[in-house]
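Peer 1: Have a look at the structure that comes next, please.
The values are calculated or read from the model by the stated rules, or taken from the named source; none is laboratory data. Bear in mind the structure is a predicted one, so any value in this text is a computation, not a measurement. Glycine gets a Cβ as well: all are built from the backbone with ideal geometry, and neighbour counts include every protein chain shown.
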Amino acid sequence: MKCAYCGHLGDKVVDSRESKDGDVIRRRRECLKCGRRFTSYERIDEIPYMVVKKDGSRERFDRQKLVAGLLKACEKRPVRIGALESVADRIETMLQDKSEREIPTTDIGAVVMQALKALDKVAFVRFASVYRNFRDLDEFKDELNALLKTRE
């Protein structure tokens with residue numbers, strides 16, 4: 001750390017304290033050259049995860065937006081909120097496990113659809129109807145028939 005007074009690069013940490021939130025560490029330092037003390041603050045600089053949409057645009061990953069979509073698909077269905085939170089947790093873990101900071105919506109949508117298919121078939125169909133953007137009734141019917149075949 002560069003001394004705030006003389007610019008020397010050598011110092012020693014005299015005291016360290018964590019903030020109440022735990023997201024910042026305050027360090028009192030003493031310059032090894034001039035002996036003066038100064039304070040530095042450390043915080044984690046998080047690089048946001050970006051979602052690459054179908055049109056190529058990018059936006060920040062928003063967990064609340066994901067949960068809102070899941071809630072909408074499961075509206076008036078017997079699906080526990082905890083199960084939806086678990087799906088959101090799984091997607092966040094998937095993001096954190098990737099070395100890249102960008103993920104296509106198609107990857108997120110595939111995980112959501114797989115999870116909804118296991119949780120509630122009606123919620124799955126609701127989500128698929130919006131996510132897949134069916135062009136006509138036949139495409140929708142084909143998806144329903146494929147779903148019905150898996151039940152047999």
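Peer 1: Within the bounds of the stretch 41-64, is there any residue that is assigned to a helix (DSSP H, G or I) and either surrounded by 12 or more Cβ atoms within 10 Å (Cβ to Cβ) or in contact with a Ser or Thr (Cβ under 7 Å, 6 or more places away or on another chain) (or both)?
Peer 2: Yes.
Peer 1: Collect the residues in the stretch 1-59 that are under 20 Å from the mean Cα position of the chain (by Cα) and either over 30 Å from THR106 (Cα atoms) or among the hydroxyl-bearing types (Ser, Thr, Tyr) (or both), keeping them in residue-number order.
Peer 2: ASP23, ARG43, TYR49, SER57
Per-residue answers, yes or no, for (1) under 21 Å from the mean Cα position of the chain (by Cα); (2) part of a helix (DSSP H, G or I); (3) surrounded by 14 or more Cβ atoms within 10 Å (Cβ to Cβ):
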position: ASP89; (1), (2), (3): yes, yes, no
position: THR93; (1), (2), (3): yes, yes, no
position: SER99; (1), (2), (3): yes, no, no
position: ILE103; (1), (2), (3): yes, no, yes
position: THR106; (1), (2), (3): yes, yes, no
position: GLN114; (1), (2), (3): yes, yes, no
position: VAL122; (1), (2), (3): no, yes, yes
position: SER129; (1), (2), (3): no, yes, yes
position: PHE140; (1), (2), (3): no, yes, yes
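Peer 1: Identify the residue in the stretch 14-33 that is surrounded by 13 or more Cβ atoms within 10 Å (Cβ to Cβ) and either of a type in the set (Val, Ile, Thr) or not in a strand (DSSP E or B) (or both) and, among all such residues, is modelled with the highest pLDDT.
Peer 2: The extreme case among them is LYS33.
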